[in-house]
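See below for the structure under consideration.
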Amino acid sequence: MKKVLVVLFFFLILSFIPNSFADDELFVCDYFRGVVEKIDSSGSRSSFINDLGSPNDVAFDTLGNLYTTDTDDQKVYKINSSGTVTDFATVISPQHVAFDGYDNAYISDGSTGNIFKITSGGTSSVLATGFKNESGLAYNYYDNFLYAGDSSGNISKISSDGTKTAFTSGLGKITEMEFDAYQNLYVASIDSTDIHKVTPDGTASIWASGFTRPYSLAFDNDNNLYVGDDVLDAIYKITPTGTRSVFSSGIASPTGMDFAYNKPFITPEPASFLLFGIGLFSFGILRRRQ
């Protein structure tokens, strides 16, 4: 019995340890080359996954697995830290992917205009409809709303039951959105060549300008913003004070990117809390028997 309890306890503890990548690596879609690249803190690039169709967006779950949408293959792929690729979902035209704190995935389909929700257990359902021109997804871990932009410059908030409400508008042709550590939403817009900052109350202002075609966004753990420009084939780093520098260059079309560790916390499903409690109880029994 003692051996069983030991095995159970350590198995449950291990289930809470993220299978993460290095915390200073940026993963970027190279759309035209069919590659997901890995860029270290110095800006040096290396291929992480090759032979994809047209990877359009990437996002990490809270356990450190990487997901990429592939519009040519009509797939969403799941990739672990060892580089093993598995099919996660089949979607007609997968555009963007985002995760909430429970590891539910949200995937937009540019063909049908649907936004799908796929639970951590694999159950798929349509969360919202009418987003045929969707052009960006971002999940706010603090208010628990999914934010979806469109190519007309509008951003909507979507609740867990699929209710859609207007958040802000007038931001040009949106390509990507990303939250910073303070719940401000940053928006890339290719026709205005600007990056807009939208405060939690929906007030929008230009935060950075002068890009050629800003297409992808990502924040690191120090709240530095990274902007992928798919005309200049470069990724820029912008500090919280606004200082801009070239972080890396030579990526044919950086259409999506994400850091592995930029989730503010891990929020297990309620069942996971129960299992973790069982593990702690088992550990307590072992201590009393010693």
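The values are calculated or read from the model by the stated rules, or taken from the named source; none is laboratory data. Keep in mind that this is a model prediction, so the values were computed, not measured. All Cβ positions, even for glycine, are placed from backbone atoms using ideal geometry, and neighbour counts span all protein chains on display. Accessible surface is based on the protein model in full, side chains and every heavy atom, while ligands, DNA and RNA are left aside. Shrake-Rupley method; radii C 1.70, N 1.55, O 1.52, S 1.80 Å.
For this structure, a couple of remarks:
- Protein-only accessible surface order, largest first, of 117, 132, 164 at 1.4 Å: 132, 164, 117
- Treating r as the C-beta distance of residue 125 and residue 166 and R0 as 22 Å, the FRET efficiency rounds to 0.40.
- Estimated D of the range 25-117 in µm² per second, where Rh is the Kirkwood radius over Cα pairs and Stokes-Einstein applies at 20 °C, 1.002 mPa s: 162 µm²/s
- In this rough spin-label picture, where each label sits 7 Å from Cα along the Cβ direction, the residue 181-residue 102 distance is 2.8 nm.
- Dimensions in Å of the range 53-190 - Rg and Dmax from alpha carbons: 13.9, 42
- If R0 is taken as 41 Å, the Cβ-Cβ distance between residue 111 and residue 241 corresponds to a FRET efficiency of 0.50.
- Averaged per residue, the range 57-135 has 36 square angstrom of accessible surface, using a 1.4 angstrom probe with ligands and nucleic acids left out.
- Pairwise centroid distance, computed over Cα atoms, of the range 68-126 with the range 150-205, Å: 21 Å
- Once the C-beta distance of residue 152 and residue 51 is scaled by a Förster radius of 41 Å, the resulting FRET efficiency is 0.70 to the nearest 0.05.
- Using distinct alpha-carbon pairs, which all enter the 1/r mean, Kirkwood radius of the range 194-234 in Å: 11.2 Å
- The calculated P(r) of the range 119-238, using every Cα pair and 10 Å bins from 0, goes 14, 46, 31, 9, 0 in percent.
- Net +/- balance of residues flanking residue 208 in space, Cβ distance below 12 Å, scoring K and R +1, D and E -1: +1
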